[in-house]
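Notes for the one structure printed next.
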Amino acid sequence: MALEFIVSEKGHRKLLTDGYPFVKDRMSDTKIYWKCDKFAVMKCHACIHTEADRIVRRVGDHNHAADVASVEAAKVVRDAQLFAINSPDTNAPPDKQLKMPCHRHIVYIRLESKFLALKKT
Ligand SMILES: [Zn+2]
């Protein structure tokens, strides 16, 4: 199975597995070592080793629950970026071309649409 990545608010790529994001820690000739993105905040020592785009080893357990809301927001950012990359509208005048909204704006739109959906029912 291909590795899944999300993009942080600062634009860094994070490896996503089992609902937990991992940040790149270090690299060897063949492997990439990823540590939990809550390493500093929660002192979480869960980490993953990947090799040729496959997870080859998992070390330790998370000492915290997965942050589902943040992961979902990051997926929205990633999907919007992929959409922007894959569908350039180069024939439109510059002011009509698709522009990437900032990350917080996308999250706001998503949250607002959920809120509106709740209000309608
Ligand atoms: Zn963790």
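Values in this text are rule-based calculations from the coordinates and carry no lab data. Every value quoted in this text rests on a predicted model; they were computed, and no experiment measured them. Using ideal geometry, Cβ is built from the backbone for each residue, glycine included, and neighbour counts are taken over all protein chains shown.
Shown in residue order for the range 8-21 are the 3J(HN,Hα) couplings computed by the Karplus curve 6.51 cos²θ - 1.76 cosθ + 1.60 at θ = phi - 60°: 6, 4, 8, x, 8, 7, 10, 7, 10, 8, 6, x, 10, x Hz (x for Gly and Pro). Stretched out straight at 0.36 nm per residue, the stretch from residue 27 to residue 63 would grow longer than its current Cα-Cα span by 10.5 nm.
List the pairs from 38/75; 10/35; 10/31 whose alpha-carbon separation is above 22 Å, in the order I gave them.
On the way: 38/75 18 Å; 10/35 17 Å; 10/31 24 Å.
10/31, as the Cα separations exceed 22 Å there.
In this simple spin-label approximation, residue 43 and residue 79 carry label points 7 Å from Cα along the Cα→Cβ vector, and these lie 3.8 nm apart.
Once the Cα-Cα distance is subtracted from the 0.36 nm per residue extended length, the residue 2 to residue 52 segment shows a gain of 17.0 nm.
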